[in-house]
Structure formats: C-alpha cells, structure tokens
Amino acid sequence: MYLNSLVCPRQKLKQFRPSGNYYSIRSAHDKAIQYFQRALKINPNYLSAWTLIGHEYTEVKNTSAAIQAYRNAIDLNRKDYRAWYGLGQAYEILRIFKFSLYYYKQAQRLRAFDSRMAMAVGETYELLNRPEDAKMCYRKAVAVGDMEGQANYKIARLFLQEKNNKWSAHYYQQFIQQAEDQGIMEGSSNHHEAYIFLARHYLEVEQNLQQAALYANKCFDFSEVREEGKKILRQVEALQLASSIEEVEMTDGQD
C-alpha cells in the first residue's frame, strides 16, 4: 500500500502535463487548465506547469491568474524566460506598458539571440512612443536572425510615420528581399503595402520607371492595391512613350 501511494501520484503527474498540452493545442483552454491544476496539486514546484497554466489563463483572459502563475514560475527559477515573457504579455493586455517593457527586457536578457524577444521590446517602445528605441530593437532582431521576418517592415513603417521616404523605401526593400531569401511566398502579410509604396516612390521620387513598373506589376496579386498598381503602370507606360517620342524628335532634328 505504501509503495502504491508513492507510485500513483508520479504516474498521474506524468499523465497530466501531456493531457494539458493536448487540450491546449486544440484550444480547449479550460480543460487544459484543469489538467495543469491537477499536476500542480501533486507537485507545487512543477516549474513548466506554472508557465503553461499561465499561458492558458492568458488565453481565457484571466490575466490576474496568469500573472500569479508566471510569478510562481519565476520564484522557482528566475532564468525561465518564458515566464518573464508571459508577464510582459499579461501587462501588455492590461495596457501597463512600462511594466510590460520591464518584463520583456528580462526575457530578452535571458534570450539575447532570440529575435522574438527583441521584437517584443521594440513593439513596447512603439506603444510608449519611443520610435528611436524601437528601431534599435528591430535592428537587433535583424542582426540575430529575424525569425518572423517583420523587423525591417516595422522600421520602414516608423520612417514612413516620420515622412522619411528615402529610408522607408530602403527598409521596405530589405523586408521584401528577406522574405524572398527565406522562401516566403509573395502574398504574405504586409507585402502589398511595401509594393505599392515602392511603386509610388520610384515613380514620383526616384523617377526610375523600370523599378516603378516592377513593383506596380507585383501589386496585381493583391486586391487591396491592384487598381492603384494598374494606374501607376499606365503612368509609367505614358512616360516611357513620351520619352521615346522625344528621342525620335531629337534624332529627326539632328538630321
């Protein structure tokens, strides 16, 4: 009897986490919480269960319970970057961005070469209206290997808000080039914004008709900017025709 009483809880503990993960993957978050709670009842020092139940509480919008779960995880192991990151997310939901920034920075300190941590810090700087700090974080994300492929896009957007079209164009091109290098299909999120901006930029600012036509043609794949892409292409063709006529007239005049 004594041996059975020792073995059974251990066996149950091994069952509860996989069951919790199973229901979490299927978005049955309340059910997942029940299994993680059972695991923690058997072993209150089960670190990963505290972190995982924190994620589940976040999913069901029980932010106060999520915060407590993440704090319990950190009490057990201050190097658990997932718990620090979870606290950052929880305070972001509560719109307490200064706290969110602190916790995201702790996660980044522990995972300096994880671009997702740098992105989270950068996005929080944006929410705090600190664009230069945000740009620095996004550049850090690029430097360590931007896993989500969004850092250059976000820098481009920040320069666009400052009406600095030259640098905005540079980072939109970096965003597109990175996506192509990573084999991301055109049509992914934010591509249409980059293509239409670059088409306009090369037509109106750089006056590079070849590049303007290139990006205008890419706009055809996106319903949001298809008509404007066609309009820009017609403008390019008209300018090319006018240039050809001018060259012919100059040649005739020389004869």
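Take the solvent-accessible surface of the protein heavy atoms, probe 1.4 Å, and return the percent of it on the range 167-228 that carbon and sulfur atoms account for.
On the way: 1410 of 3250 Å².
In the range 167-228, the share of accessible area belonging to carbon and sulfur is 43 percent.
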- prompt: How much of V225 can a 1.4 Å solvent probe reach, expressed as accessible area in Å² and rounded to 10?
  reply: 10
field: the range 34-88: Cα Rg divided by the 2.2 N^0.38 Å rule of thumb
entry: 0.99
- prompt: How large is ³J(HN,Hα) for each residue in the range 103-120, as worked out from phi by the Karplus curve 6.51 cos²θ - 1.76 cosθ + 1.60 (θ = phi - 60°), to whole Hz, x for Gly and Pro?
  reply: 6, 5, 5, 5, 5, 5, 4, 7, 10, 4, 9, 9, 4, 5, 5, 5, 5, 4
Heavy-atom accessible area per residue - the range 39-160, 1.4 Å, Å²: 49
- request: Along Cα→Cβ, 7 Å out, is where each label goes; now give me the distance between the ones at N217 and N129 in nm to one decimal.
  value: 4.5
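About its Cα centre, how strong a charge dipole does the range 103-156 have in debye, to the nearest 20, once Lys and Arg get +1 and Asp and Glu get -1 at the Cβ?
The dipole magnitude comes to about 160 debye.
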- line: Bounding extents of the range 196-236 in its principal axis frame from Cα atoms, largest first in Å, are 26, 16, 12
field: Charge dipole (debye, nearest 20) of the range 161-223; +1 at Cβ of Lys and Arg, -1 at Cβ of Asp and Glu
entry: 180
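The values are calculated or read from the model by the stated rules, or taken from the named source; none is laboratory data. The model shown is predicted, which means the values in this text are computed figures rather than measured ones. Don't worry about glycine lacking a Cβ; one is built from the backbone with ideal geometry, like all the others, and counts go over all protein chains shown. Note: accessible area is taken over every heavy atom of the protein model, side chains too, but ligands, DNA and RNA are not part of it. Shrake-Rupley method; radii C 1.70, N 1.55, O 1.52, S 1.80 Å.
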